[in-house]
Structures are given as structure tokens and as C-alpha cells.
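Asker: Below you'll find the structure I mean.
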Amino acid sequence: MDSVEKFGVTGDAARQIAAIAGGAALRVAVLAGGCSGFQYKFELDGAPRPDDLVIERDGARVLVDPASLDLLGGAELHYANELMGSYFTVRNPNATSACGCGTSFSID
């Protein structure tokens with residue numbers, strides 16, 4: 001399975017990362033916690049770790065560590081620009097439920 005099948009990045013998300021990252025990459029991680037069991041974490045990172053999945057698209061780089069990738073298989077990073085604000089979000093087919101904040105989810 002290639003990196004795109006494991007975790008995808010939409011064009012809108014890639015363009016936004018390229019615009020704000022200043023040459024850094026966006027690290028997407030899944031951490032234990034949040035109101036539903038797991039939560040997403042987004043942060044800028046200057047360099048990939050040796051075991052990271054590195055996804056490059058439209059001038060942007062996204063990094064995902066192997067432990068997070070286990071929970072993100074088949075998921076996709078999106079960028080939403082809505083009336084109430086702009087934000088990154090993950091559409092994760094593995095999540096069986098999510099909380100109202102949109103950053104916490106559970107897997108049965």
C-alpha cells in the first residue's frame with residue numbers, strides 16, 4: 001500500500017500548508033485523550049523523523065508517525081474555510097464516533 005492509500009492530503013489542505021508553513025512540514029498525530037478516547041494534533045515540524053511517512057503534495061509536506069498511521073489508515077487531511085472559521089480536519093473512516101469539537105474520536 002502506498003502513502004496515498006494510507007493517508008491522503010487534499011489539494012486545499014496542501015496549498016494552505018504551503019502558504020503558512022514557511023518551508024516546514026505539518027505533522028499530523030493521533031494522541032490518547034480527548035473526550036472520545038483519541039485526539040488529533042497538528043503542529044509545524046522542521047524535519048521528518050527516520051520512521052515518519054512523508055507525504056508531499058503541491059509544495060507542502062505532511063509527516064505522520066507510524067503509531068498515528070495505524071489509526072489514520074484510509075483517512076484524509078482536509079482544510080475547511082467556513083463562515084465560522086478556517087481549520088484543518090481529518091476525515092477518518094476508522095472513527096466510529098466523534099465529539100462535538102471535531103478533534104476527538106473513538107474506534108471500536
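Asker: Give, as residue ranges, the strands (runs of 3 or more DSSP E) completely inside segment 1-82 that count at least 1 residues that are in contact with a strand residue (DSSP E or B) (Cβ under 7 Å, 6 or more places away or on another chain) and over 19 Å from Pro93 (Cα atoms).
Answerer: 25-32, 38-45, 53-57, 60-64
Asker: Would you confirm whether or not segment 26-40 contains a residue that is over 13 Å from the mean Cα position of the chain (by Cα), surrounded by 12 or more Cβ atoms within 10 Å (Cβ to Cβ) and over 15 Å from Phe105 (Cα atoms)?
Answerer: Among the residues of segment 26-40, not one is over 13 Å from the mean Cα position of the chain (by Cα), surrounded by 12 or more Cβ atoms within 10 Å (Cβ to Cβ) and over 15 Å from Phe105 (Cα atoms), which makes the answer no.
Asker: If you scan segment 58-70, which residues turn out to be under 11 Å from the mean Cα position of the chain (by Cα), among the hydrophobic types (A, V, I, L, M, F, W, C) and more than 12 Å from Arg15 (Cα to Cα)?
Answerer: The answer is Leu63, Val64, Leu69.
Asker: What's the total number of residues in segment 22-59 that are of a type in the set (Asp, Glu) and under 19 Å from Gly74 (Cβ atoms)?
Answerer: Total satisfying the criteria: 1.
Asker: Within segment 65-87, how many residues are among the hydrophobic types (A, V, I, L, M, F, W, C), crowded, with 17+ Cβ neighbours inside 10 Å and farther than 14 Å from Phe38 by Cβ?
Answerer: Matching residues across segment 65-87 total 1.
Asker: OK, next. Are any residues in segment 71-90 at pLDDT below 95, over 9 Å from the mean Cα position of the chain (by Cα) and not acidic (Asp, Glu), and if so, which ones?
Answerer: Hits for segment 71-90 are Leu71, Gly73, Gly74, Ala80, Asn81, Leu83, Met84, Gly85, Ser86, Tyr87.
The values are calculated or read from the model by the stated rules, or taken from the named source; none is laboratory data. What you see is a predicted model, and the numbers here were worked out from it, not measured in a lab. Heads up, the Cβs are rebuilt from the backbone with ideal geometry, glycines too, and the neighbour counts pull from every protein chain shown.
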